[in-house]
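Working notes for the structure below.
The values are calculated or read from the model by the stated rules, or taken from the named source; none is laboratory data. A quick note: this is a predicted structure, and the numbers were derived from the prediction, not measured. Here Cβ is always computed from backbone atoms with ideal geometry, including for glycine, and neighbour counts include all displayed protein chains. Side chains are part of the model used for accessible areas, which takes the heavy atoms of the whole protein and leaves out ligands, DNA and RNA. Shrake-Rupley method; radii C 1.70, N 1.55, O 1.52, S 1.80 Å.
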Amino acid sequence: MTGSLKDKLAINGGTPVRTKPLPTVGGIAGRTFGDEELANLTEVIRSGKLFRFGGHFVQDFEAGLAELIGMKHAVAVTSGTAAVHTALAAIDFEPGDEVIVPPITDMGSIAPILALNGVPVFADVDERTLCMDPAAAAGQVTSRTRAIVAVHLAGNMCDVDALGEVARGCGAALVEDCAQAYLAEDNGRVAGSIGVINAFSLQQSKHISSGDGGAVVTNDPELASKAAMFMDKGWDRVIGGREYLVLGLNYRMNELSGAVATAQIPKVREVVGNRRRWAESLTSQIAGVPNVKPPYVRPGVKHSYWFYPLTWDVDATGVGIGDFCKALAAEGLPAGAGYIQHPIFDTPCMRGRKTYGSSSYPYGQAGRDIVYRNEDVPAACRAMERLAVVPINENFTQEDVNDMAAAIRKVAVAFSG
């Protein structure tokens, strides 16, 4: 390395590129909450109707989200995890059914499968997009495959056409996990409009937020009815009476969350538009910087940038992703290493099959011995070893983005010498 450049890094005592904190989704500086949300919340409190079936805001949110995505039905729930759970419950599981999922995702994509007594089966990712590789998914199909969950990681779209072909070929349902991908597009089709029933999150950091919450969307009225009953303890409120027709949980969104979510709907196009603008500006500014690669976006796809995935060439530099991210953070650009540090199945819960007591159920119900090994998902492992999670926020300014680019350039050049 070039000593003089390395010495100038803030992590080595040099002057940081930036000392002013960037806007973050963890506070008001990086969120769009304002008078609209306050007005709706005030209406709810003054009405005294906080339960979803006493007010109108949860229904307003459902109608607004369905229109935004271009689907006929939406069912609001309490979290993105609850949304995945509800979506999968609607397609009628049998114990031991298998669901194909990617190894780079949040536990919220996985826990619902086990909660339904299904078995997660992992298909490797496309190292460029970080999304599930359709060829790998096809290689995991068995007679027990019930669904494929396409996780649009960080706002980048999976190859939904190819995954849809795999799903149709084995009679499985394609379910989109759109928690991080509001208004991402694949050849004009919005994320959440392609699978048979699809999940969204409203957690604090998402493009639309009510602190926590979620929803499923579908064009199928039968799936919508099943989802609505599942989130309401199996209660069919259309026919009336206190009858519980199926096994369900209480995933009902309340009116306070619905009030905030309803106010957020008209703002999301600007949120995503701003994120795209700042991400594209950052990409253009770091073009040619040694040993870093901006996000790869397939032709015809529009990324919605829940975060900005930056790839660092560990092999060429000999500098690990952790050290690279620490150096960026010292320059004033907070960056995380790897999104998750290892495949999601390599967590204590899944590694030890800690499900229902000591039973390891439902693994014993699978039609084959399910073994999770890092060597079976080499692209995912390589990607996580090289991935820097860089924030992108709708409330950034051009100065913010310029400083981010300067920090990346400074660190990359110093570590590439």
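The figures follow:
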{"read-out": "Residue list for region 67-104, restricted to those being small (Gly, Ala, Ser), open to solvent by 10 Å² or more (accessible area, probe 1.4 Å) and in a helix (DSSP H, G or I)", "value": "GLY80, ALA89"}
{"read-out": "Pick from region 391-403, criterion β-branched (Val, Ile, Thr) and within 24 Å of GLN264 (Cα to Cα), ranking: farthest from the chain's Cα centre (by Cα)", "value": "THR397"}
{"read-out": "Qualifying residue in region 112-133 (condition: part of a helix (DSSP H, G or I), at negative phi, without any contact (Cβ under 8 Å) to a residue 24 or more places away in the chain and small (Gly, Ala, Ser))", "value": "no"}
{"read-out": "Scan of region 285-306 for residues that are small (Gly, Ala, Ser) and crowded, with 16+ Cβ neighbours inside 10 Å, ordered by number", "value": "SER304"}
{"read-out": "Test: LYS326 is closer than 17 Å to PHE415 by Cβ and in a helix (DSSP H, G or I)", "value": "yes"}
{"read-out": "Region 270-301: number of residues that are closer than 11 Å to ALA405 by Cβ and out of contact with any strand residue (DSSP E or B) (no Cβ under 8 Å at 6 or more places or on another chain)", "value": "7"}
{"read-out": "Qualifying residue in region 151-166 (condition: open to solvent by 40 Å² or more (accessible area, probe 1.4 Å), in contact (Cβ under 8 Å) with a residue 60 or more places away in the chain and under 27 Å from GLY248 (Cβ atoms))", "value": "no"}
{"read-out": "From the options VAL217, VAL196, residue that is crowded, with 20+ Cβ neighbours inside 10 Å and hydrophobic (A, V, I, L, M, F, W, C)", "value": "VAL217"}
{"read-out": "Matching residues in region 80-104 - criterion: being touching a strand residue (DSSP E or B) at 6+ places or on another chain (Cβ under 8 Å) and at positive phi", "value": "GLY96"}
{"read-out": "Selection status of ALA83, closer than 15 Å to THR145 by Cα, touching a residue at least 12 places away in the same chain (Cβ under 8 Å) and of a type in the set (A, V, I, L, M)", "value": "no"}
{"read-out": "Subset of region 364-396 (residues that are farther than 29 Å from GLY332 by Cβ and of a type in the set (S, T, N, Q))", "value": "GLN365, ASN374"}
{"read-out": "Of all residues in region 292-346 being under 16 Å from the mean Cα position of the chain (by Cα) and hydroxyl-bearing (Ser, Thr, Tyr), the one that is modelled with the lowest pLDDT", "value": "TYR339"}
{"read-out": "Residues of region 373-417 classified as touching a helix residue (DSSP H, G or I) at 6+ places or on another chain (Cβ under 8 Å), open to solvent by 50 Å² or more (accessible area, probe 1.4 Å) and not in a helix (DSSP H, G or I), total", "value": "2"}
{"read-out": "Within region 225-275, tally of residues that are among the aliphatic types (A, V, I, L, M), buried (at least 21 other Cβ atoms within 10 Å of the Cβ) and over 22 Å from LEU41 (Cα atoms)", "value": "5"}
{"read-out": "Failed item, numbered, when ALA181 is tested on (1) farther than 20 Å from VAL297 by Cβ; (2) not in a strand (DSSP E or B)", "value": "(1)"}
{"read-out": "Yes/no for ASP369 being touching a helix residue (DSSP H, G or I) at 6+ places or on another chain (Cβ under 8 Å), within 20 Å of ILE113 (Cα to Cα), free of Cβ contacts under 8 Å to residues at least 60 places away in the same chain and acidic (Asp, Glu)", "value": "no"}
{"read-out": "Qualifying positions in region 1-38 - surrounded by 11 or more Cβ atoms within 10 Å (Cβ to Cβ), without any contact (Cβ under 8 Å) to a residue 60 or more places away in the chain and β-branched (Val, Ile, Thr)", "value": "ILE28"}
